[in-house]
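Following: one structure in structure tokens, then a few remarks.
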Amino acid sequence: MTDRIIGLIVISILLLIVDIYIYKAVRSVSWKWKDNKYLSFAYIWWGYSFLLILGVFISIFFNIKFMLRSVILVVFFLTFVSKIFILPFLFADDIRRGIIWIKRKLKGNKPVVSGEISGAENPIPRSEFLIKAGTLVAALPLASLTYGVVSSAYDYRVKRRTLYLPNLPKVFDGITIGQISDIHSGSFYDRKAVLGGVEMLLKEKPEIIFFTGDLVNNVASEMRDYQDIFTKLNAPLGVYSVLGNHDYGDYFYGKGSSPAKTKNLADVKLTHKNMGWDLLLNENRRISVDGEEIAVLGIENWGAGRFAKYGQMEKAIINTDDVPVKLLLSHDPSHWRAQVIPEYPQIDAMFSGHTHGMQFGIVTEKFQWSPSQYVYKEWAGHYKEGQQQLYVNVGYGFLGYPGRVGVLPEITIFELRSGMA
């Protein structure tokens, strides 16, 4: 908890510095304002900033209504992004002013200009054009991100994909699998919309359902208001799930172990059980139809780089040598290239989530782009390397930014087919 307080204090100080910088810039180009207008602007600017930062502290450290907490964090996020977008214009203006100042020093000139910054030895006015241009540019992400919250956070889309598996037993030819990932129940604020997405998946009537991790943001209690909704998910051949990096409580309790953290993880696992989901913890299940079998393997989180590696493939693969098709559930897609491809060629297809497509980008049938691609080689959709395949679902929920722009929440329906694509 102390680390979180320190982190928030540091962030608040940085935001205060940014606020002072922007405030002075805006005031400097408003030299025609009367004193009472200056005073009103100051009260509004600093009152808003103070209340917003106070609201963030209260929302994090006090048990307030979730809807109110969501509103505070949304407003904070949108405000922060807008201020970040105006900063490059202020920096550019300061560079311009710096160049002018140097030239004046070299020439020894000391002109006086109306609207100048008071108290400066060689006063150089700010560019009203750059400030207004920066304000306009800052309004664009504010508008698009606000639209993403209002219209896209729960705009679930069904994506269909045919998976061709050369060794697929004929009895499984044409079988359908539904996948959702990254529920992040701690971010939800609309039960009706969440239920609507679950009903969309159920209307597809898949024979199998996969959930590929991150049920919660931090703690098991986040599922309290949504467990009954996701309990509705069922399929004739089972619902299989795995844990994601957020499910372990590492970002709330820290990397070490503690009784509270251990209990929380046990509660997360119990939630899967209570919903009727078969949680796979470095293990596998055989799915049998008319005497033929395929295997579903599930491992705990395994992420390349800084993400935790709790997964143990050597355990998950045990006693599956005789099964012709092996489908792996692994939350983080970086696991595929880092370990699955080089060490486990017997895995036919892997199903992941984790990236969210950064909840921002452009995704069409023939083109997709997101900042996520600069972090993950495989970040959304279908990939193939030799005979092995990977599908990355961009997520059912959201984290941080409470919306989506371009990369909409996803429900994936796979149709399994024998043979080559």
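Observations on the model:
- Residues being surrounded by 15 or more Cβ atoms within 10 Å (Cβ to Cβ), more than 17 Å from residue 135 (Cβ to Cβ) and either modelled with pLDDT of 75 or more or not hydrophobic (A, V, I, L, M, F, W, C) (or both) - total across segment 77-97: 1
- On inspection, residue 278 passes the criterion of being over 14 Å from residue 308 (Cα atoms) and either polar (S, T, N, Q) or in contact with a Lys or Arg (Cβ under 7 Å, 6 or more places away or on another chain) (or both).
- Residue in segment 365-400 that is surrounded by the fewest Cβ atoms within 10 Å (Cβ to Cβ), counting only those that are over 24 Å from residue 200 (Cα atoms) and hydroxyl-bearing (Ser, Thr, Tyr): 374
- Test: residue in segment 202-213 that is part of a helix (DSSP H, G or I) and modelled with pLDDT of 95 or more: yes
- Scanning segment 201-236 for residues that are touching a residue at least 60 places away in the same chain (Cβ under 8 Å) and either among the hydrophobic types (A, V, I, L, M, F, W, C) or under 14 Å from residue 180 (Cβ atoms) (or both) yields 201, 204, 206, 208, 210, 211, 212, 213, 214.
- Residue in segment 220-240 that is in the same structural domain as residue 329 (by TED's automatic domain parsing) and part of a strand (DSSP E or B) present: yes
- Residues of segment 26-51 that turn out to be at pLDDT below 80, within 23 Å of residue 91 (Cβ to Cβ) and in a helix (DSSP H, G or I), as a count: 3
- Options 255, 263: the member that is at pLDDT below 95, farther than 17 Å from residue 183 by Cα, out of contact with any helix residue (DSSP H, G or I) (no Cβ under 8 Å at 6 or more places or on another chain) and of a type in the set (D, E, K, R): 255
- Enumeration of residues in segment 153-178 that are within 14 Å of residue 388 (Cα to Cα) and part of a loop (DSSP other than H, G, I, E, B): 166, 167, 168
- Segment 223-244, residues that are of a type in the set (Asp, Glu) and modelled with pLDDT of 95 or more: 228
- Number of the condition not met by residue 288 [criteria: (1) in contact (Cβ under 8 Å) with a residue 24 or more places away in the chain; (2) of a type outside the set (Lys, Arg); (3) outside any helix (DSSP H, G or I)]: (1)
- Remark: pairs (first residue in segment 81-103, in the same structural domain as residue 18 (by TED's automatic domain parsing); second residue hydroxyl-bearing (Ser, Thr, Tyr) and surrounded by 15 or more Cβ atoms within 10 Å (Cβ to Cβ); Cβ separation under 8 Å; 6+ apart in sequence or on different chains) = 86/135; 87/21; 90/21; 93/127; 96/127.
- Looking across segment 308-357, the residues that are touching a Ser or Thr at 6+ places or on another chain (Cβ under 7 Å) and either touching a residue at least 60 places away in the same chain (Cβ under 8 Å) or assigned to a loop (DSSP other than H, G, I, E, B) (or both) come down to 311, 329, 330, 331, 332, 333, 351, 352, 353, 355.
Each row is one residue, and each column tells you yes or no for (1) touching an Asp or Glu at 6+ places or on another chain (Cβ under 7 Å); (2) farther than 21 Å from residue 349 by Cα.
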position: 191; (1), (2): yes, yes
position: 202; (1), (2): no, yes
position: 205; (1), (2): no, yes
position: 211; (1), (2): no, no
position: 222; (1), (2): no, yes
position: 239; (1), (2): yes, no
position: 250; (1), (2): no, yes
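The values are calculated or read from the model by the stated rules, or taken from the named source; none is laboratory data. Every value quoted in this text rests on a predicted model; they were computed, and no experiment measured them. Counting neighbours? That spans all protein chains shown, and the Cβs are built from the backbone with ideal geometry, glycine included.
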